[in-house]
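Taking it in order: structure first as structure tokens, then the write-up.
Values in this text are rule-based calculations from the coordinates and carry no lab data. A quick note: this is a predicted structure, and the numbers were derived from the prediction, not measured. Cβ atoms come from the backbone with ideal geometry, glycine included; neighbour counts cover every protein chain shown.
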Amino acid sequence: MLPLLLLLLPAAHGIAQLDYRPALTTEPVLEGVRTTSTFVVDQPRCVFQDYGNAVIWLVVALEQAASTFNNSQRPGTPETAFQGFPEPVRAYMTLNATLGSYPCPKPDGDIAVLRVGSETSCTGDVTRPTCNGPLPTPGPYRVKFLALEGSEPVAETRWSTPITLITAKPLSSISTAGRGHSADMIAITTILSILLAILLAGLVAMLFFWGSDSCGGSSTFSKPESVTVRRYNTHHVYDQPAARL
Ligand SMILES: *[C@@H]1O[C@H](CO)[C@@H](O)[C@H](O)[C@H]1NC(C)=O
Ligand SMILES: *[C@@H]1O[C@H](CO)[C@@H](O)[C@H](O)[C@H]1NC(C)=O
């Protein structure tokens, strides 16, 4: 079934099907080949040599959406915009490059890789639909390279095998680093609770004295004369013991 489809696709769309499958790189890269929001694939070196005038795009699809990706869709439109991914856009187009960016053969010492998801500055910017923004979920994803001449798709690679990102907290790191954090959190919470309790006690005490004071005095505080009356009472009470002596 699959070989049959692969034979039919180029015929149906007039696109050359190149025998190259993008893959996670085996080169040593900083930050890791997969992170929580990025992954690194090899550049397509010596793959599109027959399409010198083409612009080579990377299509990033949710695994289940790869087979239904429509090669006639244009990059830079809302249908393929990173900002719409993963809903409603199921596959976006990014990392466009001319063949000159992928010299063949690869010069010695070149680290010929592409980090998918490395561009954070354009994540929410709808004026930059071809943004190589951070991947929003762990996936799995499939990617392929698609060469366009003008707006005509002329050649494409196969889809990669499914690529799943690493998730934020592996179980092993929770048991060690996670416990240290929670101990700190408990200490801070306890201190804050005690401080809050002291504050509340002070507030209650203040209200109590304030309340008893106002009972002995006048009913309202808005009138300046009521303050005078209270002061007079207080003065009077204080004077009493002295008068008795
Ligand atoms: C593919 O996309 C083009 C342009 O958006 C559209 O005209 C065409 O009908 C689509 N084909 C399929 C099978 O959806
Ligand atoms: C990539 O595409 C964008 C938007 O279509 C364009 O502005 C930019 O010049 C292109 N870059 C390359 C290297 O083709």
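Per-structure values
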| read-out | value |
| --- | --- |
| Residue match in region 41-58 (condition: surrounded by fewer than 19 Cβ atoms within 10 Å (Cβ to Cβ) and within 13 Å of ligand 1 (Cβ to nearest atom)) | no |
| Residues that are closer than 15 Å to Tyr51 by Cβ and near ligand 2 (Cβ under 9 Å from one of its atoms), drawn from region 88-99 | Asn96, Ala97, Thr98 |
| Selected residue [in contact with a strand residue (DSSP E or B) (Cβ under 6 Å, 6 or more places away or on another chain), under 21 Å from Gly139 (Cα atoms) and surrounded by 12 or more Cβ atoms within 10 Å (Cβ to Cβ)] from Glu63, Glu79 | Glu63 |
| Qualifying positions in region 65-75 - in contact with a Lys or Arg (Cβ under 9 Å, 6 or more places away or on another chain) and not in a helix (DSSP H, G or I) | Phe69 |
| Single residue of region 116-161 satisfying the filter (under 18 Å from Pro86 (Cα atoms) and among the aliphatic types (A, V, I, L, M)) that is surrounded by the fewest Cβ atoms within 10 Å (Cβ to Cβ) | Val126 |
| Residues (touching a residue at least 12 places away in the same chain (Cβ under 8 Å) and within 16 Å of ligand 1 (Cβ to nearest atom)) located in region 85-101 | Arg90, Ala91, Tyr92, Met93 |
